[in-house]
Amino acid sequence: MEIQSVERIQCLIIGSGPAGYTAAIYAARANLKPVLYQGIQPGGQLTITTEVENYPGYSNGVQGPEMMVDFEKQAVRMGADIRFGLATKVDFSSSPYKIWIDEDKLIETDAVIIATGASAKWLGLESEQRLNGFGVSACAVCDGFFFRGKEVAIVGAGDTAAEEALYLSKLCTKVHMLIRKDAMRASKIMQERVQKTTNIRIYWNSETEEVIGDSKVEALKIRNNRTGELSTIPISGFFIAIGHQPNSDIFKSWIERDEAGYIKTLPGTSKTNIEGVFAAGDVQDRIYRQAVTAAGSGCMAALDAERWLSAKGVH
């Protein structure tokens with residue numbers, strides 16, 4: 001690997017969702033002169049979300065991409081250095097830490113804030129991607145509100161799918177729940193709650209063939225994988241709840257992660273197992289995964305980094 005340039009900084013932020021941008025705002029205000037690299041998807045998962053109505057301060061709601069532009073503008077106004085580029089390799093063996101950007105630029109930094117987020121797992125259907133944001137969603141808590149009084153479907157068999165089906169059942173007239181096998185993976189208590197909820201209908205041994213609709217979701221074509229029988233369910237919304245994949249692979253040689261790949265942080269802080277390396281947002285949050293909680297943890301990471309750098313006498 002031929003390095004084209006080396007740059008020495010105080011604080012590097014990797015990732016550009018609510019966590020990364022909030023960390024940049026706080027770090028810039030603390031005069032840490034943060035550099036933020038936006039990664040493969042500037043703005044993170046919110047850039048593939050349409051209406052956001054549950055983030056405080058936007059009384060009329062806001063489009064996800066527009067909200068991320070607002071976050072970025074505020075970070076820039078505070079003095080953060082926002083750049084295009086993808087972190088491709090790290091070396092946290094000694095300080096200053098080394099991070100390679102796009103394989104050919106080397107950043108050396110005293111503190112690192114990891115805010116690379118998580119990516120929803122998808123079924124891999126063309127129709128699912130085409131209608132993503134137009135009735136297809138990977139977050140019932142984010143988008144269920146838009147389907148009040150309507151019929152929806154959800155796919156998934158774990159605790160998250162069960163929780164989201166129950167959440168949707170309070171808003172929607174009917175929830176069609178597709179389970180690929182003849183049993184759920186969710187905990188017994190969650191299974192019982194789902195099965196006792198009268199407006200949740202479970203389809204065992206069922207898989208999605210196609211999401212039907214031109215400009216919005218209109219129906220779902222499903223297949224019984226035992227009998228091969230095809231059927232169509234008229235719906236307005238389709239929720240994918242088969243899990244998320246934290247974007248943490250490039251850190252795995254250095255940073256402690258749980259069995260699903262989420263970065264472990266010291267409870268009540270953003271601190272990882274390596275001093276001076278902090279994690280915020282969905283890359284370390286497998287429970288809430290909301291824009292507002294990600295932003296809050298970005299604030300924590302910047303404050304933790306500032307205190308750590310102060311204690312080291314860096315600024």
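Every number in this text was worked out from the coordinates using simple rules, so none of it is lab data. Please read all numbers here as calculations on a predicted model, not as lab measurements. All Cβ positions, glycine included, derive from the backbone under ideal geometry; neighbour counts span all protein chains shown.
So, with +1 on the Cβ of K and R and -1 on the Cβ of D and E, and no other charges, what is the size of the charge dipole of the stretch 122-240 about its Cα centre, to the nearest 20 debye?
I would put it at about 420 debye.
Give me the distance in nm between label points sitting 7 Å out from Cα along the Cα-to-Cβ direction at residue 145 and residue 5, one decimal.
It is 4.3 nm.
State which entries of 89/181; 33/105; 221/252; 89/312; 181/271 exceed 30 angstrom in Cα-Cα distance in the structure shown. Can you show the working numbers first?
Values: 89/181 39 Å; 33/105 19 Å; 221/252 39 Å; 89/312 25 Å; 181/271 39 Å.
Result: 89/181; 221/252; 181/271 exceed 30 Å.
What is the calculated FRET efficiency for residue 134 to residue 88, with r their C-beta to C-beta distance and R₀ = 41 Å, to the nearest 0.05?
Details: r = 33 Å, r/R0 = 0.81.
Efficiency for this residue pair is about 0.80.
Given H placed on each backbone N at 1.01 Å, which residues far from residue 63 in sequence or on other chains put an amide H within less than 5 Å of it?
Here 52 satisfy the definition.
Looking at the square roots a ≥ b ≥ c of the eigenvalues of the Cα gyration tensor of the stretch 122-240, which shape do they give, rounded for a/c under 1.5, prolate if a/b is larger than b/c, or oblate? Mind showing how you got there, number by number?
Values: a/c = 1.66, a/b = 1.14, b/c = 1.46.
Because a/c hits 1.5 or more and a/b fails to exceed b/c, the stretch 122-240 counts as oblate.
Peptides 105-111, 215-221, 21-27, 181-187: what's the order by average Cβ count within 10 Å, highest mean first? It would help to have the intermediate numbers written out before the result.
Working: 105-111: 20.6, 215-221: 16.7, 21-27: 29.7, 181-187: 14.4.
My ranking of the peptides, most packed first, is 21-27, 105-111, 215-221, 181-187.
How large is the charge dipole for the chain, taken about the Cα centre, if only the Cβ atoms of Lys, Arg (+1) and Asp, Glu (-1) carry charge, to the nearest 20 debye?
Numbers: 34 positive and 38 negative charges, 157 e Å.
The dipole of the chain has a size of about 760 debye.
Note down the nm distance, to one decimal, between modelled labels 7 Å out along Cα→Cβ at residue 312 and at residue 231.
Simple spin-label model gives 6.0 nm for this pair.
Evaluate the distance, in nm, between pseudo-label points positioned 7 Å from the Cα of residue 209 and of residue 195 along their respective Cα→Cβ axes.
The modelled label-to-label distance comes out at 2.9 nm.
Looking at the chain, what % of its DSSP beta bridges pair antiparallel, to the nearest 5? Mind showing how you got there, number by number?
Details: 27 of 61 bridges.
Around 45 percent of the beta bridges assigned by DSSP in the chain are antiparallel ones.
Taking R0 as 22 Å, what's the FRET efficiency between residue 51 and residue 73 from their Cβ-Cβ distance, rounded to 0.05?
Numbers: r = 20 Å, r/R0 = 0.91.
The formula returns an efficiency of 0.65 here.
May I ask you to compute the full-extension gain from residue 249 to residue 292, defined as 0.36 nm times their residue separation minus their alpha-carbon distance, rounded to one decimal in nm?
Value of the extension gain: 13.0 nm.
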